[in-house]
Amino acid sequence: MSELGSVADEVVRCRACPRLVEWRERVAREKVARFADQEYWGRPVPGFGDPAARILILGLAPAAHGANRTGRIFTGDRSGDFLFGSLHRCGLADQPTSLSRDDGLKLRGVYVTAVNRCAPPGNRPTPQERDRCLPFLEREIAALEALRAIVALGAFAWDGALRALAALGHVARPKPRFGHGSEATVGPYAMLGAFHPSQQNTFTGKLIPPMLDDVLARATALAG
Ligand code: SF4
């Protein structure tokens, strides 16, 4: 099995964070009315995409009724619609939507993952939960041999990426600051920041499609 496959295999079996295990499984049992007839994934969600990726897209964690339901990161919710719409416009995904694990979606040169692999209450993992999960991200970054650019969606992902890179020996000093459109070079990687495509950001117009398209186009240029 490839290293990415091994990581994914370990991720889906992980029960290291008692609070998150309880939450992700409770959400999967109780569900939400509009998905009451569906079987939720209810487990940690592995990364997904092209093993030859030159660009890594990094989110915070699975959404309770999105990836925690479908089992694929950024799949089955509005944040995913926004992200994959942008990836498709930029030629990095073969479909503009991400609906389920078996929808046939293929990414070109992109791998999508998250700092934490279990849906957290209030979208807020604790620092201990973040640190417990980070080795999975470190291993994914190390396994993606063609990787050149990391797009962090939100400040939590930006910070998580810097921590993972530091653990791999790539320490950025002074610590680069997150912002939409911010850029930094950390070791062999270009880091780019973008506002997270959460409904809080997209419904209020803080993040509109051309803004994410621009960051992805820039990441594509930097990744070669
Ligand atoms: S958040 Fe990460 S470390 Fe914690 S239980 Fe989920 S997969 Fe395991």
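Bear in mind that the values in this text are calculations on the coordinates, not laboratory data. Remember, it's a predicted structure, so these values are computed and weren't measured experimentally. So basically every Cβ, Gly included, is an ideal-geometry build from the backbone, and we count neighbours across all protein chains shown.
Here is how the numbers come out for the structure above:
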item	result
Residue within segment 126-145 that is in a loop (DSSP other than H, G, I, E, B) and either within 16 Å of the ligand (Cβ to nearest atom) or crowded, with 24+ Cβ neighbours inside 10 Å (or both) present	yes
Residues that are farther than 11 Å from PRO209 by Cα, out of contact with any strand residue (DSSP E or B) (no Cβ under 7 Å at 6 or more places or on another chain) and buried (at least 21 other Cβ atoms within 10 Å of the Cβ), drawn from segment 72-88	THR75, GLY76, ASP77, SER79, GLY80
Matching residues in segment 147-160 - criterion: being hydrophobic (A, V, I, L, M, F, W, C), within 13 Å of ALA194 (Cα to Cα), in contact with a helix residue (DSSP H, G or I) (Cβ under 9 Å, 6 or more places away or on another chain) and not in a strand (DSSP E or B)	PHE156
Residue match in segment 81-104 (condition: touching a helix residue (DSSP H, G or I) at 6+ places or on another chain (Cβ under 9 Å) and within 11 Å of the ligand (Cβ to nearest atom))	no
Within segment 1-43, tally of residues that are on the phi > 0 side of the Ramachandran plot and under 20 Å from the mean Cα position of the chain (by Cα)	1
Residues within segment 72-110 that are within 13 Å of the chain's Cα centre (by Cα) and either polar (S, T, N, Q) or in a loop (DSSP other than H, G, I, E, B) (or both), tallied	5
Looking only at segment 15-47, and only at residues there that are in contact (Cβ under 8 Å) with a residue 60 or more places away in the chain and in a helix (DSSP H, G or I), the one that is farthest from the ligand (Cβ to nearest atom)	VAL27
Counted residues, segment 160-185 - those being out of contact with any strand residue (DSSP E or B) (no Cβ under 8 Å at 6 or more places or on another chain) and of a type outside the set (A, V, I, L, M)	6
